[in-house]
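The values are calculated or read from the model by the stated rules, or taken from the named source; none is laboratory data. Everything quoted here is computed from the prediction, not taken from an experiment. Please note: Cβ atoms are built from the backbone with ideal geometry, for glycine as well, and neighbour counts cover all protein chains shown. Protein only, heavy atoms only, side chains kept; ligands, DNA and RNA dropped before computing areas. Shrake-Rupley method; radii C 1.70, N 1.55, O 1.52, S 1.80 Å.
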Amino acid sequence: MQKKFLKNLGLLLFLNLMVKPMWILGVDRQVQNVVGTQEYGLYFTIFNFSFLFYIFLDLGITNFNNRNIAQNNQLLNKHLAGIGILKLALGILYAVIIFAIGILWGYEGRELYLLAWVGFNQFLLSLILYLRSNLSGLLLFKTDSFLSVLDRVLMILICGFLLWFNFFEGLFTIEWFVYSQTAAYIITLIIALIAVVNKSGRFKFNWNLPFFLLIAKRSAPFALLVLIMSFYNRIDPVLIERILPNPLGKEQSGVYAQAFRLLDAGQNFAFLFAVLLLPLFSKMLSIKESVEKLVKLSFSIIISGSLIIAITSQFFATELMQLMYYINPGETEQHYILRISQSATILKLLMFSFVAISTNYIFGTLLTANHNLKQLNVIAVVGLLINITLNLILIPYFYSVGSAYASLATQCTTAILQLILVYKIFKFKINPKFIINLISLSILLIAMGYVLTEVINIRWELSFIGMVVLGLFFSFMLKLLNIKEFVAIIKEE
């Protein structure tokens, strides 16, 4: 399983490194620069609002299906036919929920129009993820890997045409950005459906209420967990936009989005670990195979990378924000400097949140595969209470920066609680050398950051690259990333 994990992780990382940075740092960032901070802040708020209720499109079915198909491949045809109809019904339920709550929340006019399109895109995405869960459950990671980036490739092509060829100069709106996503999702959905049907054979949709109720019952704990986690992971910009007066709320949501974009990029890569590990953990646990080595291997890789990213960001946050965003039309230089300063502070906080989030992707996935959903839900409720309480207290005084503090406190708390729970359930041995090496890596990175920024007078871009490269070197030197171990696993028969 370690060999399968490493080989497919390498493919996933390669494909995503080829595509996701271009999407997030090229297209998505450029859209915000073109339409402006306030306009993008409106979209960012609507998108996150729609994401809060995403679970009603899924009810935990995707995670349940991933684990279930991994353990029972023969159920693919039966479940595909039944769950297909259920997903369509859930799409209608989701539409009713987001519109009803959106109206109560105060959305109207253009906000509701955007919500309709963004909600439809969420529905398409939920179908794609469900179809992909069948492929990863069958351990067809290569096919799933290509599908994982296909929608972004298509969006890059469509938005790139609209943005960079200047055929519609001055006319590009946030609505066009949303329409581009719709087109990309529809094409990806069709291709994913063909790939799954190719493995399942012909099937016929059927309405089977007892089957739907059984699936819903089994998926309910997943659904509750995802719902709660969605709230404490995505509610920040929604609260920023509502708590602060208009147009300050939309602008501050846009400021938060500037820094969040880099966290989102990191999360996309961290999420790849969960995609691979859930079916592998599920399979190993079902046959009573020890998961300790795979947990250590995956955690060592992800924690090393997240620490390098987080600590490097502390030294170059302002420069990164200045590189990515420029002055909006009609914006004063003083206001631009303030906007960049806020985003840089938010980035520093969110990048440390990224370390905790990465930890959650390993241990949360293990606990999910082991059916410890009740405990995970309790931890998630704790995280939600912390997040909302701190947001309500901090946003009025510190604006979007206050929300970043709330996020950091939430993610660190849930990560610590999940780590304690894993060690309690699985009785893993505490490795003092591993902990010392992590501390050593952090100290070396901080020292190198100080030297590169305060002692050596070179361009910040070179210092940034140098710090990342040295971080990787230190990780190999401390054997947090062990080349010999990787090679030995790959060579295993």
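Working from Cα pairs under 8 Å separated by at least six residues, relative contact order for the chain is 22 percent.
Between Q334 and K293, what is 0.36 nm times their sequence separation minus the Cα-Cα distance? Round to one decimal in nm.
Full extension from Q334 to K293 adds 9.5 nm.
Given Cα positions, please report Rg to Rh for segment 407-470, the hydrodynamic radius being the Kirkwood one. My calculation puts Rg/Rh at 1.17. Run the 1.4 Å probe and let me know the accessible area of R29, rounded to the nearest 10 Å². It works out to around 50 Å².
Note on surface exposure: Y399, Y325 rank Y399, Y325 by accessible area, highest first, 1.4 Å probe.
The fraction of Cα-Cα pairs per 10 angstrom bin, counted from 0 for segment 272-352, comes to 16, 30, 20, 17, 12, 5, 1 percent, rounded to whole percents. The packing ranking, built from the mean of other Cβ atoms within 10 Å per residue, places the peptides 456-462, 53-59 in the order 53-59, 456-462, highest first.
Based on the Cβ-Cβ distance from L214 to R242, what FRET efficiency comes out when R0 is 35 Å, to the nearest 0.05? Given R0 = 35 Å and the Cβ-Cβ separation, E is 0.35. With the simple spin-label model, which puts each label point 7 Å out from Cα in the Cβ direction, the N431 to A89 separation comes to 4.7 nm. Among the protein heavy atoms, those of K348 account for about 70 Å² of accessible surface (1.4 Å probe, every chain in place).
Split the accessible area of the chain by element, probe 1.4 Å, and carbon with sulfur accounts for 69%. Calculate the length of the line joining the C-alpha centroid of segment 288-331 to that of segment 373-429, in whole Å. For segment 288-331 versus segment 373-429, the Cα centre distance is 19 Å. Going by accessible surface with a 1.4 Å probe and the largest first, Y450, Y113 read Y450, Y113.
Taking a 1.4 Å probe, which of W164, W23 shows the most accessible area, and what order do the others take after it? Could the numbers behind the result be given before it?
On the way: W164 115, W23 15 Å².
Largest accessible area first, the residues go W164, W23.
For the chain, the solvent-accessible area works out to 44 Å² per residue, with a probe of 1.4 Å and every protein chain left in place. Checking every one of the trypsin sites (Lys or Arg not before Pro) in segment 382-449 against DSSP loop status and a limit of 16 other Cβ atoms within 10 Å picks out K427, K429. The solvent-accessible area of I465, taken with every protein chain present and a 1.4 Å probe, is close to 100 Å².
Summing Lys and Arg as +1 and Asp and Glu as -1 over all other residues whose Cβ lies under 11 Å from the Cβ of W105 gives a net charge of -2.
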